[in-house]
Amino acid sequence: NSTLSSTLFSVRKNDCTDTCYDNDTVTPFLSGSGGVSSISPLYDWSQINDIIHIIPRNKITVQRMIGKGAFGEVYYGLLADVARLQTPLPVAIKMLPSLCSEQSKSEFFVEAVLLSKLRHPNIVKFLGISIDENSLYLLLELMEGGDLKSFVRECRLNGDVPSKVSIYDLLNLCIDVAKGCEYLEQNRFIHRDIAARNCLLSEKGPNRVAKIADFGMTKNVFRTNYYRKNGKAMVPVKWMPPEAFHDGVFTTKTDVWGFGIILWEVFTLGRIPYPGKSNNEVMTFVAKGGRLDKPDQCSQETYSLMCNCWMNKPEDRPNFRNITEELIQIQKNSDLLKERITNEKISRDYNVAE
Ligand code: ADP
């Protein structure tokens, strides 16, 4: 499994020119141990229960590319003959190119098998795989709102026009992600790459729901509760706690740290964490107790929650059940949160070019 992860991250590093990834999202790991425009009608996903996991290729129509990931490209397509649906279902198709290593293929299957086990409103729904002699497809629920990081960046102010979101809306997105994480925690999955770029939105409009995606690094730790990573791999240091980047130890509290970084990403409207610091500098800074500053937009309560997610000892960090409850409480506490973000409230920082 560790070789599978190394493959993923080696590919990711080469992928750094892709706008999905910050240039220093990943760094070599030596010690220890992936927006669509609105096109489809809304479907009731809860009714689509009987989809067979192996989908015949002739049921799939591939239409256009909507994203690029570590393995290959992601396309918008249509799936015909879905039970109880009169019209073809719009889907996202992750394609593994015909020329790829055996390792990429295994990694691809690992993600498919993991995804097929997960069912939750805040986890991107897996529909099945399709195999022919030339290519492998992984079919997923279509998330028309694109990734969370790009979405919050689009919410930055444009001149005097108020942002399209309020703090209340931002908290909604965080609560969605926390609920998805709570489900993973209950089922003893460690995602290991919890970051705003890996959460997708059902739509950009007011009914948007955030869901966790990109399970390429996820591990099931049913027996041990932790996962120890060996060997050399590329890892997202800015989203990781010290015990993960120093000792390669991953527990569900590793994801809690990453979730704290997501809160910071959301409330800064998509800034890159630790602005101006390299991954090595971040490791030193964090190990010495340094933490990200409070975003101007967020309340003291929300920042305290972030800081709790970044406690040095994993056992001192809250679990996802506490985090969800706390965020719901913070959201209930103030009606002012429904006001849209305006020029007076926005920090200068959000408008700096990054
Ligand atoms: P990888 O796991 O290979 O890194 P991702 O899962 O991150 O690939 O996908 C790369 C990009 O493709 C995403 O940032 C997003 O823009 C798009 N994408 C992925 N899955 C979906 C989906 N289910 N619906 C819509 N777009 C998607």
Residue satisfying condition, being at pLDDT below 95 and in a helix (DSSP H, G or I), within set 322, 230, 280, 308 | 280
So which residues in the stretch 266-307 are touching a Pro at 6+ places or on another chain (Cβ under 7 Å) and within 19 Å of residue 196 (Cα to Cα)?
-> 267, 268, 292
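Look through 102, 111, 133 and report the one residue that is of a type in the set (D, E, K, R) and within 14 Å of the ligand (Cβ to nearest atom).
111
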Say whether the condition of being out of contact with any Lys or Arg (no Cβ under 9 Å at 6 or more places or on another chain), open to solvent by 40 Å² or more (accessible area, probe 1.4 Å), assigned to a loop (DSSP other than H, G, I, E, B) and of a type in the set (Gly, Ala, Ser) is met by at least one residue in the stretch 97-118.
-> yes
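To keep it simple, each residue is scored yes or no on (1) at pLDDT below 90; (2) within 24 Å of residue 65 (Cα to Cα).
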site	(1), (2)
132	yes, yes
180	no, no
192	yes, no
195	no, yes
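How many residues, within the stretch 76-91, are within 13 Å of the ligand (Cβ to nearest atom) and under 13 Å from residue 130 (Cβ atoms)? Don't jump to the end; show me each part of the working.
So the first thing to find is which residues in the stretch 76-91 are within 13 Å of the ligand (Cβ to nearest atom), and the list is 76-77, 79, 89-91.
Pick out the ones that are also under 13 Å from residue 130 (Cβ atoms) and you get 77, 79, 91.
Within the stretch 76-91, residues that are within 13 Å of the ligand (Cβ to nearest atom) and under 13 Å from residue 130 (Cβ atoms) number 3.
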Of all residues in the stretch 241-253, which are of a type outside the set (Phe, Trp, Tyr) and open to solvent by less than 10 Å² (accessible area, probe 1.4 Å)?
-> 241, 244, 248
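For the stretch 126-154, give me the residue count where each residue is of a type outside the set (Asp, Glu), in a loop (DSSP other than H, G, I, E, B) and surrounded by fewer than 21 Cβ atoms within 10 Å (Cβ to Cβ).
Within the stretch 126-154, the first condition is being of a type outside the set (Asp, Glu), and the residues that meet it are 126-131, 134-140, 142-143, 145-146, 148-153.
Next cut, in a loop (DSSP other than H, G, I, E, B) only: 134-135, 142-143, 145.
So of that shortlist, the ones also surrounded by fewer than 21 Cβ atoms within 10 Å (Cβ to Cβ) come out as 134-135.
Selection size over the stretch 126-154: 2.
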Checking residue 184 against (1) part of a loop (DSSP other than H, G, I, E, B); (2) crowded, with 23+ Cβ neighbours inside 10 Å, which test does it fail?
-> (1)
Among the residues of the stretch 292-303, which ones are under 22 Å from the mean Cα position of the chain (by Cα) and in a helix (DSSP H, G or I)?
-> 302, 303
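Can you confirm whether residue 71 is under 22 Å from the mean Cα position of the chain (by Cα), farther than 17 Å from residue 138 by Cα, crowded, with 18+ Cβ neighbours inside 10 Å and at pLDDT below 95? I'd like the intermediate steps shown before the answer.
Numbers: under 22 Å from the mean Cα position of the chain (by Cα): yes; farther than 17 Å from residue 138 by Cα: no; crowded, with 18+ Cβ neighbours inside 10 Å: yes; at pLDDT below 95: yes.
Judged against the criteria, residue 71 is not a match.
The values are calculated or read from the model by the stated rules, or taken from the named source; none is laboratory data. Predicted, not measured: the structure shown is a model, and the values here were computed from it. Positions of Cβ are backbone-derived with ideal geometry, glycine not excepted, and every protein chain shown enters the neighbour counts. Surface accessibility is based on the protein's heavy atoms, side chains included, excluding ligands, DNA and RNA. Shrake-Rupley method; radii C 1.70, N 1.55, O 1.52, S 1.80 Å.
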